[in-house]
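Inspection log for the structure reproduced underneath, given as structure tokens.
The values are calculated or read from the model by the stated rules, or taken from the named source; none is laboratory data. As the structure is a computational prediction, the values presented were derived from the model and not from experiment. FYI the Cβ positions are ideal-geometry reconstructions off the backbone, even for glycines, and counts take in every protein chain you see. Calculation scope for accessible area: heavy atoms of the full protein, side chains included, ligands and nucleic acids excluded. Shrake-Rupley method; radii C 1.70, N 1.55, O 1.52, S 1.80 Å.
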Amino acid sequence: MTGRGAGHGTGPATATARRPVGSLPLVPAAAFVLVWSSGYISGPYGVQHVAPFTLLALRFTVAAVIALVVARLVRGPLRIDRADLGRIALTGLAMNAVQFGAMYLAFDRGLPATLASLLHALTPVLTAVLAAALLAERLSPRQVVGLVVGVAGVVMVLGPDIDGAGGPAAVALGVFGAVTLSLGTLGQRWIGHAPDPWWSAAIQFTVSVPPLVVLALALEGTDAVSDPVRGGLTVVFLAVVNSIIGLLLLGKLVRAGGAGAGASLFFLSPPVTAVMAWLVLGETLGPLELLGLVVAVVGVALGTRSAAPRLDP
């Protein structure tokens with residue numbers, strides 16, 4: 001996948017035309033939502049055992065090796081010209097090193113998994129707003145209303161106790177990560193024609209490793225791993241499940257529903273993440289936060305869906 005989300009290293013790009021969730025094959029769509037949502041659990045869990053930049057450097061190193069091997073075996077030699085190579089690399093830096101760096105720092109400061117998922121769930125609609133502002137693209141009233149309602153829901157989930165969400169710095173980092181994800185999605189359009197997804201992913205994973213290694217060594221030192229076993233398992237899960245398997249699932253959805261297929265599923269991620277966060281991380285939501293979750297999900301659904309659902313077997 002060439003777009004990114006908090007725990008994934010992969011993610012759906014936003015397109016002006018996308019099929020509704022109901023027109024997508026049920027099993028791959030459900031699996032993609034589970035994989036996507038699990039990234040918001042593995043990220044906060046991982047930073048408990050490995051410092052954020054070290055965790056990301058290890059995760060993208062493993063993902064890059066796997067993607068490079070698969071790309072070479074399945075797609076053959078690299079056939080991307082220098083101009084596209086540079087665009088792919090810069091987009092990958094923004095969506096991996098910058099976006100993930102901000103979000104994992106937010107996790108380390110205590111940003112809840114569900115709130116992070118809500119912020120990222122808004123990115124397809126936010127991308128449309130940014131495209132209207134920066135590229136003069138048409139913005140529909142549905143998208144505007146969806147963003148407003150979604151943001152209102154996020155504010156309700158956040159509530160008056162910002163310290164309970166990790167403090168102002170954690171929230172600011174989370175918002176910055178979501179905005180960077182939207183800008184990176186716009187960067188996908190800068191790339192132009194659709195390049196090979198495996199080679200694109202391999203390039204974007206690879207170019208993200210050096211700056212993350214530098215940041216890890218400079219800021220976290222050599223004692224960044226507090227639990228090698230749990231930390232190592234998290235790295236493998238992030239690299240294999242969230243990055244590689246997520247890439248395979250998105251490819252299936254894109255073939256079935258077009259380039260924006262994954263984005264049409266974003267509204268399902270926050271509630272799934274909330275259940276996972278409760279089971280794995282012990283995070284709970286109060287009545288007002290639950291109401292805010294529902295409001296935010298409605299906003300995201302309103303801004304990203306275009307037709308009534310119809311599930312295919």
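Quick check, is residue 144 hydrophobic (A, V, I, L, M, F, W, C), within 29 Å of residue 275 (Cβ to Cβ) and open to solvent by 40 Å² or more (accessible area, probe 1.4 Å)? Don't jump to the end; show me each part of the working.
Details: hydrophobic (A, V, I, L, M, F, W, C): yes; within 29 Å of residue 275 (Cβ to Cβ): no; open to solvent by 40 Å² or more (accessible area, probe 1.4 Å): yes.
Criteria not met by residue 144.
Of everything in region 180-208, what is modelled with pLDDT of 90 or more and surrounded by fewer than 20 Cβ atoms within 10 Å (Cβ to Cβ)? Give them in sequence order.
206
Assess whether residue 134 counts as being farther than 24 Å from residue 298 by Cα, open to solvent by 30 Å² or more (accessible area, probe 1.4 Å), modelled with pLDDT under 90 and not charged (D, E, K, R). Give the derivation first.
Numbers: farther than 24 Å from residue 298 by Cα: yes; open to solvent by 30 Å² or more (accessible area, probe 1.4 Å): yes; modelled with pLDDT under 90: yes; not charged (D, E, K, R): yes.
Considered against the rule, which asks whether it is farther than 24 Å from residue 298 by Cα, open to solvent by 30 Å² or more (accessible area, probe 1.4 Å), modelled with pLDDT under 90 and not charged (D, E, K, R), residue 134 comes out as yes.
Output the residues belonging to region 62-79 that are open to solvent by 30 Å² or more (accessible area, probe 1.4 Å) and either without any contact (Cβ under 8 Å) to a residue 40 or more places away in the chain or assigned to a helix (DSSP H, G or I) (or both).
62, 65, 66, 68, 69, 70, 72, 73, 74, 75, 77
May I ask you to list the residues in region 157-170 that are surrounded by fewer than 16 Cβ atoms within 10 Å (Cβ to Cβ) and part of a helix (DSSP H, G or I)?
Residues of region 157-170 that are surrounded by fewer than 16 Cβ atoms within 10 Å (Cβ to Cβ), as a first pass: 159-164, 167-169.
Result: 162, 163, 164, 168, 169.
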